[in-house]
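This report concerns only the one structure given below.
The values are calculated or read from the model by the stated rules, or taken from the named source; none is laboratory data. Since the structure is predicted, the reported quantities are computational estimates derived from the model, not experimental observations. Note that we place each Cβ from the backbone using ideal geometry, even for glycine, and neighbour counts take in every protein chain shown. These area figures cover heavy atoms from the full protein model, side chains too; ligands, DNA and RNA do not enter into them. Shrake-Rupley method; radii C 1.70, N 1.55, O 1.52, S 1.80 Å.
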Amino acid sequence: MSVKNPQTREWQDLSRDHHLAPFSDYKQLQEKGPRIITKAQGVHLWDSEGNKILDGMAGLWCVAVGYGREELADAASKQMRELPYYNLFFQTAHPPALELAKAISDVAPEGMSHVFFTGSGSEGNDTVLRMVRHYWALKGKPQKKTIIGRVNGYHGSTVAGASLGGMSGMHEQGDLPIPNIVHIPQPYWFGEGGDKTPEEFGIWAAEQLEKKILEVGVDNVAAFIAEPIQGAGGVIIPPESYWPKIKEILARYDILFVADEVICGFGRTGEWFGSDYYDLKPDLMTIAKGLTSGYIPMGGVIVRDEVVKVLNEGGDFNHGFTYSGHPVAAAVGLENLRILRDEKIVERVHEETAPYLQKRLRELNDHPLVGEVRGLGMLGAIELVKDKATRTRYEGKGVGMICRQFCFDNGLIMRAVGDTMIIAPPLVISREEIDELVEKARKCLDLTLEALG
């Protein structure tokens, strides 16, 4: 990235001298310096060099209602002046948290009318681990501790969250996963389906859950946790045969099901939750990101009423956070849900913009570099391959990172997961902006193919 604005260099120097960034190669970042984002409006960002960039990732999957919503800033400002902070410990509460809990339960799946608030999705999944084990202890089954996750699933980067997730790179740092967490294969047909049809592979992947339950022992298994659609793992949309088979297996055994809705929740699939789209009936749902459109940190766990009934009879639940249900975050969350509801953003995604996005994205299937385009709602993935017929990759070329750099340089943010390019734009993206996204994506694919020679 060439730098013309002297202030850009000043900020990059501050980064080098004082800042430790998340999920970064520190040596590389020291050498090149970060891109400095200075403002945003709608679905676009501007960097310190004046470049306008279409944000195809909604920040980190979170800016549902777009940038620059004055209503959210006003909600935060008003609450800061009235009650900037108080905790929810020691039999105390405040109106914003209580009203937000009710608003969330109004859009949650039927029978899920209670919310435990956290500061993030990672904290939400830490809460899941504690709550699930506490639940079984109260039921007189303290040996039911093991939680089953999926390889390449993502549930955050705290110790419990990273353990529940199945990212090998995270497990290699910090001696993870912690005990009593195991993993089964992911339902990633394009990358791992081999000669199986998608339907056959979906059933096979689902059957691995039953196999693992029996291997660990049903009396030892507390829960299965999974994203309806894997996000950070590469927008892995399961074959149609997968979730019906998983539901059949879950119904057979006495374990809880946790749907991690941090990415899929609050409209991204064209339904309020991914669990609505797949009719999953979870016992617990982790939420964050779209809850406040990323304007302020907040997460939580929505809990099924039958689980709450057991918790209510069990004395103290010794778990919580200083910022659980923070009043300013709750006020922003309330206003964000009002915008989603009153502007019928979820309905518009379902009926208009998501079908248009999916149609336009699939036009990229004709590109020589593209092995598969898949997507659902406001989620999409483009698989970059050397050979379409065999799904063979360019080994050792780092094609995804090459493409990502071309995207940055040409006014588009697309994320690279290995050699898979993924998108999750703000839910308010227009048809014209979808056209811009797809046209820029095609240009960057062309440049990537040219660079590969």
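Of the residues in region 410-446, how many are free of Cβ contacts under 8 Å to residues at least 40 places away in the same chain and within 26 Å of residue 48 (Cβ to Cβ)?
Qualifying residue count, region 410-446: 4.
What is the one condition in (1) in contact with a helix residue (DSSP H, G or I) (Cβ under 7 Å, 6 or more places away or on another chain); (2) open to solvent by less than 40 Å² (accessible area, probe 1.4 Å) that residue 128 does not satisfy?
(1)
What number of residues within region 278-294 satisfy the criterion of being open to solvent by 10 Å² or more (accessible area, probe 1.4 Å) and within 16 Å of the chain's Cα centre (by Cα)?
Of the residues in that region, 2 qualify.
All but one of (1) under 25 Å from residue 57 (Cβ atoms); (2) surrounded by fewer than 24 Cβ atoms within 10 Å (Cβ to Cβ) hold for residue 275; state the number of the condition that does not hold.
(2)
Provide a single number: the residues in region 170-187 that are closer than 30 Å to residue 389 by Cβ and either at pLDDT below 95 or buried (at least 22 other Cβ atoms within 10 Å of the Cβ) (or both). Write out each step before concluding.
Step one: filter region 170-187 for residues closer than 30 Å to residue 389 by Cβ, giving 184-187.
Right, trim to either at pLDDT below 95 or buried (at least 22 other Cβ atoms within 10 Å of the Cβ) (or both) and you get 184, 186-187.
So the answer is 3.
If I ask for residues that are closer than 16 Å to residue 373 by Cβ and open to solvent by less than 30 Å² (accessible area, probe 1.4 Å), which ones from region 426-440 would you list?
Scanning region 426-440 gives 434, 437, 438.
Please name all residue pairs, on different chains or six or more residues apart, with Cβ atoms under 7 Å, provided the first residue is in region 307-322 and is acidic (Asp, Glu) and the second residue is outside any helix (DSSP H, G or I) and open to solvent by 60 Å² or more (accessible area, probe 1.4 Å).
If the second residue must be outside any helix (DSSP H, G or I) and open to solvent by 60 Å² or more (accessible area, probe 1.4 Å), no pairs are left.
Here's the yes/no breakdown for (1) under 14 Å from residue 117 (Cβ atoms); (2) more than 18 Å from the chain's Cα centre (by Cα); (3) of a type in the set (Lys, Arg):
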site	(1), (2), (3)
242	no, yes, no
251	no, yes, no
274	no, no, no
298	yes, no, no
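Within region 1-114, which strands (runs of 3 or more DSSP E) (wholly inside it) include 1 or more residues that are β-branched (Val, Ile, Thr) and touching a residue at least 40 places away in the same chain (Cβ under 8 Å)? Don't jump to the end; show me each part of the working.
On the way: elements: 37-41, 44-47, 52-55.
Filter on region 1-114 gives 52-55.
Go through region 80-107 and give me each residue that's open to solvent by 80 Å² or more (accessible area, probe 1.4 Å) and polar (S, T, N, Q).
Correct list: 91 only.
Would you check if residue 134 is in a helix (DSSP H, G or I) and either buried (at least 24 other Cβ atoms within 10 Å of the Cβ) or at pLDDT 95 or above (or both)?
On the way: in a helix (DSSP H, G or I): yes; either buried (at least 24 other Cβ atoms within 10 Å of the Cβ) or at pLDDT 95 or above (or both): yes.
Against the criterion (in a helix (DSSP H, G or I) and either buried (at least 24 other Cβ atoms within 10 Å of the Cβ) or at pLDDT 95 or above (or both)), residue 134 qualifies.
Wholly within region 348-425, which strands (runs of 3 or more DSSP E) include no fewer than the required count, namely at least 2 residues that are open to solvent by 20 Å² or more (accessible area, probe 1.4 Å), touching a helix residue (DSSP H, G or I) at 6+ places or on another chain (Cβ under 8 Å) and not acidic (Asp, Glu)?
Values: elements: 370-376, 379-384, 415-417, 420-423.
Output list reads 370-376, 415-417.
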